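This report concerns only the one structure given below.
Just so it is clear, none of the values below were taken in a lab; they were calculated from the coordinates. For clarity, every value in this text was computed on a predicted model and none was experimentally measured. As a convention, Cβ positions derive from the backbone with ideal geometry for all residues, glycine included, and neighbour counts pool all protein chains shown.
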């Protein structure tokens with residue numbers, strides 16, 4: 001079994017074929033950035049993109065994502081190491097504390113902002129409300145997602161103008 | 001992370017003046033370690049090593065092991081190794097800021113790394129003490145290092161030390177800045193270092209601070225936001241297998257017998273590990289899911305014990321108990337002033353609560369014939385080291401505990417049974433084993449914040465409190481982690497009554513007595529210990545008294561504070577929070593304000609909450625929390641604001657949502673479905689005001705949790721005239737309380 005992750009092809013160990021995507025990413029392929037929090041879809045720590053859609057890896061059978069494009073936190077920065085505007089905004093606003101939930105928060109936010117330009121605060125809250133942060137960084141998450149939205153909108157304009 | 005197996009255990013010798021010099025080493029690096037003992041005592045350790053980094057230098061035979069090392073290598077690589085663990089509180093950044101202040105370096109010239117237990121085994125991280133306990137010694141160690149470098153450079157350059165200055169990791173000739181040596185060049189090829197008496201070194205005055213008091217960005221964020229930071233659950237080494245352990249079905253269950261059953265034949269199973277005497281049964285398998293599935297195939301007989309119900313557990317919180325109450329505070333004679341007819345009396349209750357750190361417990365252990373390596377998300381590497389030593393018979397100095405980043409701590413990782421489980425399984429199978437708990441294991445097999453009951457009574461005379469009495473019952477917090485003799489010495493559990501001590505010095509007669517209640521379920525450390533629960537009672541009651549006395553709740557508090565420096569600081573935060581929140585001014589229709597204050601680790605905090613109530617659903621909406629904090633001095637103000645915001649959110653989660661309940665002997669919650677946490681859509685605006693009263697840093701991790709529950713309850717009373725005396729304020733309880 002093969003998976004496409006962050007533009008690369010990975011071979012899945014047979015022992016993991018019947019399980020879910022989370023443990024393939026983490027234990028089999030060593031892509032530890034996708035975090036484990038609850039295993040039941042409550043917390044969002046394991047959020048990845050499957051064909052661009054924010055998806056809970058802990059609830060996703062590996063079988064179901066063969067042939068899709070999977071994107072994880074490791075695939076978000078440019079190959080040259082330039083951070084995604086959402087990652088940069090999370091640093092600029094000094095959002096995280098322990099940061100265990102942050103891969104999920106960021107993947108959730110990126111999928112949302114790729115679909116929605118110029119979101120309102122209500123839309124941001126609605127998009128982010130199923131991602132837990134036990135350290136309580138919510139005030140800053142809201143702020144950073146809003147900032148990232150501005151940056152992404154600006155980038156789009158710049159690209160358009162060029 | 002370097003491979004711990006390559007770490008040697010070089011012994012150091014202490015010189016006459018208390019330095020420690022690497023034995024037989026030839027000079028190629030300079031490292032200074034600093035330790036803090038029980039009293040404000042510290043020891044400096046200087047050393048040199050050949051081709052090895054300070055991380056590899058073991059310290060043996062010292063009373064106090066260093067918690068921080070500063071190391072300079074000949075290539076001018078400057079590293080600060082910190083044994084305090086990073087669980088989100090930003091301690092690595094804060095300690096590095098303190099060191100940088102005296103070291104003569106630019107911020108970007110520093111590398112900050114976690115150190116393992118071989119160089120700081122006694123360190124715990126918790127209790128909001130990491131900054132306050134290291135503030136002086138870390139700066140002194142850095143200053144001493146700078147002075148040693150200047151003296152050595154003077155010798156090498158042939159220039160008097162007085163003509164030299166240290167900056168940007170180099171020594172410059174003041175009169176001729178073109179003449180300089182980097183720290184690395186100074187360090188290179190040195191075998192003898194001058195010894196300096198630390199008492200002769202003057203530390204920078206705060207007016208010259210470059211790093212302390214600046215909101216420098218956290219040093220750990222890039223790796224955390226790109227997914228490369230390593231936590232306990234992420235550790236992987238060559239040949240590693242996965243382990244899982246059988247869990248009791250009820251809180252009182254004991255294992256009667258354990259057999260392999262079908263577990264050994266389950267897919268991927270490598271070994272079944274059973275130790276009936278230790279009541280331990282687990283399985284090692286190729287994958288995590290295989291290990292978990294195989295554990296379910298074990299044949300285990302449990303005695304489920306008494307099947308406790310929630311109501312029975314709550315009834316244990318009684319003041320008529322085999323163990324006498326312990327009077328902590330007695331000023332004047334509250335009992336006789338109050339007599340049989342208090343002006344006001346009320347009873348408050350708080351429930352069990354879980355830590356619910358988002359990274360479940362996790363550890364990797366590799367047990368060899370005469371050494372053990374453990375990677376663990378822990379707040380207490382020393383505890384792991386001694387427990388694993390007892391378990392394996394291997395000497396502590398051969399047990400290397402490497403703390404990873406922690407996906408939340410909150411006190412739950414001061415005791416990490418998961419490390420022992422990984423050790424047992426690794427020892428049995430002869431390979432490295434990773435054990436990571438599933439959420440249900442974490443939810444049901446940890447220890448909880450204990451429930452509390454507070455009976456408050458007071459007498460009012462002429463609008464003032466003449467006497468107040470607080471009878472308090474709680475499950476243990478600190479005791480379960482101390483040896484029994486120490487419990488006798490201490491008399492009472494300092495954790496369970498934290499935050500309950502009455503600080504209103506204007507009250508003449510004050511009495512506070514605490515009853516320690518044993519529960520058939522483990523209770524223990526939780527962020528702030530008893531702080532949130534106890535201040536809920538004391539500051540809600542203060543509010544009840546204010547309303548009865550018909551005095552504004554802010555004014556009522558101010559009226560009862562003393563006039564010493566502490567009381568002035570408390571007055572300062574109350575006034576600041578109230579002013580910023582426009583206390584006493586009109587609010588939108590259906591909104592109300594509540595105020596409360598608290599102290600913890602000598603930090604003072606006041607909060608004003610603005611809320612409204614959805615009268616149909618019973619849901620309380622928190623609109624804004626205004627919080628003023630005085631921690632004396634803030635090393636990293638933005639970090640302090642982040643801690644305050646986080647503590648308020650976690651505290652609101654406890655206030656509005658969280659409770660652990662027991663039904664038929666088992667913890668009901670199995671995951672976040674039945675133990676939900678605060679989410680972004682319920683998050684209020686939070687405004688934080690930092691006050692620096694006296695330039696002495698105090699703790700920030702826990703204190704801001706203190707007032708929040710009471711401030712919410714007080715605002716709710718202001719809105720509805722109904723007093724909520726039981727946490728959490730769930731909609732059904734709120735509706736019931738309002739209806740009655």
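Under 17 Å from a label point set 7 Å out along the Cα-to-Cβ vector of residue B:487, the amide N atoms of the range B:507-545 belong to B:514-525. With Rh defined as the Kirkwood radius, the inverse of the mean 1/r over Cα pairs, the Rg/Rh of the range B:476-546 is 1.03.
Distance distribution P(r), the protein assembly as shown, all Cα-Cα pairs, bin width 10 angstrom from 0: 2, 12, 20, 24, 21, 14, 6, 1, 0 percent. Please list, in order, the residues from the range B:260-286 whose amide nitrogen is less than 11 Å from a point placed 7 Å along the Cα→Cβ vector of residue B:299. Output list for this probe position: B:260-263.
Principal axis extents of the Cα atoms in chain B, from largest to smallest and rounded to whole angstrom, are 83, 73, 46.
In this rough spin-label picture, where each label sits 7 Å from Cα along the Cβ direction, the residue A:150-residue B:77 distance is 4.0 nm.
Mind giving me the FRET efficiency for residue B:314 and residue B:345? R0 is 25 Å, r the Cβ-Cβ distance, nearest 0.05 is fine. Write down the numbers at each step before the final one.
Details: r = 20 Å, r/R0 = 0.78.
Given R0 = 25 Å and the Cβ-Cβ separation, E is 0.80.
Between A:80, A:11, A:121, the Gaussian network model of chain A with springs among Cα atoms under 10 angstrom shows the greatest mean-square fluctuation at A:80. Rounded to the nearest 500, the helix-only mean residue ellipticity at 222 nm of chain B stands at -8000 deg cm²/dmol, with each DSSP H run of n ≥ 4 adding -39,500 (n - 2.57).
Legend: P(r) of the range B:608-733 from all alpha carbon pair distances, 5 Å bins from 0, whole percents, reading 2, 10, 19, 20, 16, 13, 10, 6, 3, 1, 0. Taken over the Cα atoms of the range A:85-161, the convex hull encloses 74 Å³ per residue.
Using a Förster distance of 25 Å, how high is the FRET efficiency between residue B:327 and residue B:306, based on the Cβ-Cβ distance and rounded to 0.05? Taking R0 as 25 Å, the efficiency between residue B:327 and residue B:306 is 0.20.
Quick one: grab the alpha carbon gyration tensor of the range B:139-281, order the square roots of its eigenvalues as a ≥ b ≥ c, and give me rounded if a/c is under 1.5, else prolate or oblate depending on whether a/b is larger than b/c. Each step should come with its number before you reach the end.
Details: a/c = 3.23, a/b = 3.11, b/c = 1.04.
It comes out prolate by the Cα gyration axes.
Paramagnetic label reach from residue B:256 (point 7 Å along Cα→Cβ; backbone nitrogen cut-off under 15 Å): within the range B:289-308, residues B:299-307.
For the range A:2-75, the normalised intensity computed at q = 0.12, 0.28 Å⁻¹ comes to -0.25, -1.58 (log10 of I(q)/I(0), Debye sum over alpha carbons, equal scatterers, no solvent). DSSP bridge analysis restricted to the protein assembly as shown gives an antiparallel fraction near 75%, rounded to the nearest 5.
For chain A, what number results from the quotient of the Cα radius of gyration and 2.2 N^0.38 Å?
Relative to the 2.2 N^0.38 Å estimate, chain A comes out at 1.03.
A full extension of the chain between residue B:621 and residue B:580 corresponds to an added length of 12.7 nm, given 0.36 nm per residue minus the alpha carbon distance.
Relative contact order, whole percent, for chain B stands at 13, derived from Cα pairs under 8 Å and 6 or more residues apart.
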